[in-house]
Amino acid sequence: MNGSHGAPAGRDVLACSNSELDGIVQRLMSSVLPSFAAIQRRQRVHAAVRELLAEQGFRISMDAVAARAGCSKQTLYAQFGSKQALLRSLIDEHLDLTTARLENDPGTGADARATLIGFAMEHLAHLCDPSVVATSQLLTAEAHQFPEEAKALYRDGCERLTERLARWLASAMERGLLRQDDPKLAAELLLSMLTGLDFERQRFAVPHRRSVAARRRWAEFAVDAFLRAFPPHVDAFTASHGRNHSKTSKSDTELHR
């Protein structure tokens, strides 16, 4: 009797398992696909905001963004909540891209230099974007008319960029890779060195460092000058790396001398 009912029972169990598996797959697909659609919509919205900021400055409206992105204003508010939150979302995207390398451990002196140069290249590429230059010109001209919006944009963008860089520099200082000093002031100094006069050149439509090679040369020059201004203390540097890294410590010290 058990043998006569064994096969059907097995098929029932198999059918039940397949049914459950289908349900799991459907639930996963239903959760993944909307997320993918939301990502695509966010990308379209961010692209629309970048274009409109260069055209309209602080006068940008959610209606204009919705029309340019091809979605409803209700969808924008549902996803972002407000115009300020939308602008912050765009800034977050840029900050995450620019400071991605700063999420890594400072490592050795050579690693720190490579990290700062990588950060510098991302930052300079952003500043070299024609739409960023056009937006900066327009927002600067309108800042006195929209003081609160201008302050929020500075706080969400410039201040947070400086804070992220300062945290990384503070970590490098604690490890003895850089001379101990105020990391916030050091971050502001490095950002000023990286920008140089090139952003002003673009604003006034005179030749600037347009090519990647030219930007890299400047990035390396500025970072190396910064590292020479904050040379690691030899004793602290050696202690943090041990005898196995004595050669590296010596070469880094000579580099920053």
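Please treat every number below as a calculation from the coordinates, not as lab data. Keep in mind that this is a model prediction, so the values were computed, not measured. Cβ: placed from backbone, ideal geometry, glycine included. Neighbour counts: every protein chain shown.
Numbers at a glance
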item: Highest to lowest packing among 108-116, 158-166, scored as the average C-beta count within 10 Å; result: 108-116, 158-166
item: Radius 9 Å from Cβ of Asp198, net charge of other residues (Lys, Arg +1; Asp, Glu -1); result: +2
item: Compactness of segment 121-224, expressed as Rg and Dmax over alpha-carbon positions, Å; result: 15.4, 46
item: Zone of Gln79's modelled label, taken as backbone nitrogen in segment 136-156 under 17 Å from a point 7 Å along Cα→Cβ; result: none
item: Cβ-defined net charge surrounding Thr135, 12 Å radius [Lys, Arg +1; Asp, Glu -1]; result: -2
